[in-house]
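J.: The structure follows.
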Amino acid sequence: MIKTERRNKMEDWLPTSAKEVERRGWDSVDVILFTGDAYIDHPAFGAAVVGRMLEAHGLKVAIIPQPNWRDDLRDFKKLGRPNYFFGVTAGAMDSMVNHYTANRRLRSDDAYTPDGRAGQRPDYASVVYCNILKDLYPDTPVLLGGIEASLRRVTHYDYWSDKLKPGILAESKADLLVYGMGEQPLLEIIRLIDRGVPIDSLKTIPQTAFLLEDGSSLPKNKNWKDLELFSHEDCLQDKIKYAKNFRHVEEESNRWNAARLIQGVENGKIVINPPYPPMTTGELDASFDLPYTRLPHPRYIAKGAIPAFEMIKFSVNMHRGCFGGCSFCTISAHQGKFIASRSKESILKEVDEIAQMPDFKGYLSDLGGPSANMYKMEGKNLRICQRCTRPSCIHPNICTNLDTNHSEMTDIYKSVNQRNDIKKAFIGSGVRYDMLYNPMATSEEKDSHKEYMQELIEHHVSGRLKVAPEHTSDQVLKIMRKPTFKLFHKFKADFDRINKDKNLNQQIIPYFISSHPGSEELDMANLACETHDMDFKLEQVQDFTPTPMTVATVIYYAGVHPYTLEETYTPRTKNEKLQQRMYLFWYKKEYQDKIKERLKNFKRFDMLKKLFPDKESKKQTSNHKHSKGKSFKSKKHFKKR
């Protein structure tokens, strides 16, 4: 394929200023979107997706990226009132995760801002933006969405203030909350507004939430069951009630036919309507096939590169959703556990569009999704899925109804390889290796697993393949909803065998978490010993960060597992966390004396000898080359895992 130079005009992006609106000849705007991210017109960024979708349905849409909330609020005033509503999102990440480390230290950068500059959005951005808009335009509807709003839709523990916060509607003053991926509810909202229905009457749209004042009657819907949660005030008084609430919220978030959730707060109730069924392939294709420029807005040309864009500019997202249900992950709470997959045609069309980008050198950084290898996977009998309440389809075991056939995914990998402009397509998303060893798989599925593994390792590794065992202790892995570490040993053996057969020099990069609920100090010492035996020297590790609406966060705050209500140990103090973290860096001199002291106190001389062998043992092992690999969880995990 011959590359053709793109000649984008300013009008190819949605307008971001009064001047750009005027250039289009508009005398008003239907919807104005406010986002905490820079405006990147690409299907990986929510504001762009929503804007393009509304535009495709005939609306005049503008985007105000990273508005200044500290001056005279001119960014919030410059386009006046929209004809329909304001839309608000904090961006592709929770603003507090974006701003602070696991130790609550302020980050010095922001990947979603030009040149990575920090300080371009406020803490709790969704609440700040909504409050400003409602103060300035009290009679104009404000719709709130995005991952921050989605994960804070009920009473939630906020790690950064160290307290329970009410559902975000109580603090934001927004008129309506759209949770999860917003295309389906937004299309219905627009359809009803076009018919003359006011937004304050939109109370029965799936996948939305609203605040119902005391004395108002609950809208009727004969198809929905109602489930009353403990009130916010109850949760403040009793952590166990908060934990019990979470189980209901998680189960209903992952059901095909979910109940409507109702939670009392202050002088009203938050009503959360059940989600839409998973998007069809046609619906998802329509979203990805919108006329994105795939580039940051020209306003950023002289302001530096945007790191988040540089990371994904040559990647392709093949599906949404994740049925892993990991205890520390927010993906299923936002995208759901059911997989929505694009068609092969839509994926290859995007690959060809990327190949036409002037700076593309022939290498795709990722063909993946929230997890690399869940494309096209669903239940063999969907009626069973529609009745299921399991938060994970693969833990504690792989569901017998789950079709784990990897053939269609392997076919796409091979088809992309055959494109003339593609030199190599890497898999950057995390691979769920446990599905490749499904003991209940049919012979056809097992053949597809072997073919996928061969194709993946031989043709799609950039030198390092990232996988996420997360821990080595079966007790901790059970709480994490992750498979036994024995499967990682098995995968590594197959990885090494294929590399040897094909004369490849590639490495596995394992990701681990320290200080996760359920993890005790000796669990981390054992992790150090096991990875030591596998010739890994871990360079980085991520401490567990409590984020709203995860099992692990509930355990961290309430001290009990929300499904069993059993007390569960969690490292909370700075000293406890440091004592866990140091074991992953056993080979660094600054930690060795402390580790030796702690292991002696535990009388674990076996571990001491393994990590720090005597001089003779050192001589025997000095010629062994250790694999070096980063073992960390990045910001990306809060939109993809």
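J.: By the scheme Lys and Arg +1, Asp and Glu -1, what is the net charge of all other residues having a beta-carbon under 12 Å from that of residue 217?
T.: Taking every Cβ under 12 Å from that of residue 217, the sum is +1.
J.: Scan around residue 121 for amide H atoms under 5 Å from its own, H built in the peptide plane at 1.01 Å from N, and keep only partners 5 or more places away or cross-chain.
T.: When sequence neighbours closer than 5 places are left aside, there are no close amide H contacts.
J.: So, one more: Between region 332-348 and region 77-119, how far is it from one alpha carbon centroid to the other, in angstrom?
T.: 26 Å
J.: Evaluated at 10 °C with a viscosity of 1.306 mPa s, what Stokes-Einstein diffusion coefficient in µm²/s does region 415-546 have when Rh comes from the Kirkwood expression over alpha-carbon pairs?
T.: Here the translational diffusion coefficient equals 98 µm²/s.
J.: Relative to the longest principal axis of the C-alpha atoms of the chain, give the angle of the C-alpha long axis of helix 46-56, reported between 0 and 90° and rounded to the nearest 10°.
T.: For helix 46-56, the angle is close to 40 degrees.
J.: At a 1.4 Å probe radius, which order do 105, 464, 598 fall into by accessible area, largest first?
T.: Per-residue accessible area, sorted high to low, gives 105, 464, 598.
J.: Then there is this: Over the chain, average the accessible area per residue using a 1.4 Å probe and give it in Å², no decimals.
T.: Per-residue accessible area for the chain comes out at 42 Å².
J.: Still on this structure, please answer the following. Suppose a student asked you for the relative contact order of region 388-517, using Cα pairs under 8 Å spaced at least 6 residues apart; what percent would you report?
T.: 28 percent
J.: Can you list the aspartates and glutamates whose alpha carbon is less than 18 Å from that of residue 9, not counting same-chain residues fewer than 8 positions off?
T.: Answer for residue 9, where 18 Å is the Cα cut-off: 20, 22, 41, 55, 353, listed by chain and number.
J.: If packing is taken as the mean number of other Cβ atoms within 10 Å per residue, what is the order of 583-596, 366-379, highest first?
T.: Highest-to-lowest ranking by the protection proxy: 366-379, 583-596.
J.: Would you mind checking the tilt of helix 344-355 against the longest principal axis of the Cα atoms of the chain, expressed as 0 to 90 degrees and rounded to 10?
T.: Approximately 90 degrees, to the nearest 10.
J.: Sticking with this structure for a sec: May I ask for the percentage of alpha-carbon pairs in region 58-142 that lie more than 21 Å from each other?
T.: Percentage above 21 Å: 34.
J.: Using C-alpha positions alone, give me the convex hull volume of region 322-429 per residue in cubic angstrom.
T.: Taking the convex hull of the Cα positions in region 322-429, it is 116 Å³ per residue.
J.: Given bins 10 angstrom wide, list per bin the percent of all Cα-Cα distances in the chain, short to long.
T.: 3, 15, 26, 27, 19, 8, 2, 0, 0
J.: Of the peptides 213-225, 256-268, 413-425, how do they stack up when ordered by the mean number of other Cβ atoms within 10 Å, highest first?
T.: Per-residue Cβ counts within 10 Å, averaged per peptide and sorted highest first, yield 256-268, 413-425, 213-225.
J.: Within 10 Å, Cβ to Cβ, of residue 417, how many net charges do the neighbouring residues add up to if Lys/Arg are +1 and Asp/Glu are -1?
T.: +3
J.: Give me the tail of P(r) for region 473-615 as a percent: Cα-Cα pairs with distance above 17 Å.
T.: 65 percent
J.: Which percent of Cα-Cα pairs in region 180-239 sits in each 5 Å bin, short to long?
T.: Reading the bins upward from 0: 4, 13, 19, 21, 19, 12, 7, 3, 2, 0.
J.: List the pairs from 78/134; 424/466; 60/165; 414/537 whose alpha-carbon separation is above 24 Å, in the order I gave them.
T.: Listed pairs above 24 Å: 60/165; 414/537.
J.: Taking amide H positions as placed in the peptide plane 1.01 Å from N, state which residues far from residue 402 in sequence (5 or more) or on other chains have amide H under 5 Å from it.
T.: 380
J.: Next question, about the same structure. Can you give me the relative contact order of region 170-304 as a percent, contacts being Cα pairs under 8 Å and 6 or more apart?
T.: Averaging sequence separation for qualifying contacts and normalising by length gives 26 percent for region 170-304.
J.: Quick one: what are the phi-derived ³J(HN,Hα) couplings along region 113-122, Karplus 6.51/-1.76/1.60 with θ = phi - 60°, whole Hz, x for glycine and proline?
T.: Per residue, the Karplus-derived 3J(HN,Hα) values read 10, x, 6, x, 5, 8, x, 9, 9, x Hz.
J.: For all pairs of alpha-carbon atoms in region 545-600, what percent lies in each bin of width 5 Å, listed from the first bin to the last filled one?
T.: Percent of Cα pairs in each bin: 4, 18, 20, 17, 12, 12, 12, 5, 0.
J.: Local charge sum around residue 165 (other residues, Cβ-Cβ under 9 Å, Lys/Arg +1, Asp/Glu -1)?
T.: Residues near residue 165 contribute 0 overall.
J.: Can you give the calculated 222 nm mean residue ellipticity of the chain, where each DSSP H run of n ≥ 4 adds -39,500 (n - 2.57) and the sum is split over every residue, rounded to the nearest 500 deg cm²/dmol?
T.: Per the formula, -10000 deg cm²/dmol.
J.: Between the alpha-carbon centers of region 574-611 and region 455-533, tell me the distance in whole angstrom.
T.: Cα centroid of region 574-611 versus Cα centroid of region 455-533: 21 Å apart.
J.: How do the peptides 570-576, 299-305 rank, highest first, by the average count of neighbouring beta carbon atoms within 10 Å per residue?
T.: In decreasing order of mean packing, 570-576, 299-305 become 570-576, 299-305.
J.: How big is the C-alpha Rg of region 160-215 next to the rule-of-thumb value 2.2 N^0.38 Å, as a ratio?
T.: 1.32
J.: Relative to the first principal axis of the alpha-carbon coordinates of the chain, what is the inclination of helix 125-136, with its axis defined by its Cα atoms, in degrees from 0 to 90 and to the nearest 10?
T.: 10 degrees
J.: Over the Cα atoms of region 307-355, what is the Rg over Rh ratio if Rh follows Kirkwood?
T.: With Rh from the inverse mean 1/r over Cα pairs, Rg/Rh is 1.07.
J.: While we're on this one: What relative contact order, as a whole-number percentage, does region 470-617 give when Cα pairs under 8 Å and 6 or more residues apart are counted?
T.: 24 percent
The values are calculated or read from the model by the stated rules, or taken from the named source; none is laboratory data. Since the structure is predicted, the reported quantities are computational estimates derived from the model, not experimental observations. Please note: Cβ atoms are built from the backbone with ideal geometry, for glycine as well, and neighbour counts cover all protein chains shown. For the accessible areas, the whole protein counts, side chains as well, though only heavy atoms, and no ligand, DNA or RNA atoms are used. Shrake-Rupley method; radii C 1.70, N 1.55, O 1.52, S 1.80 Å.
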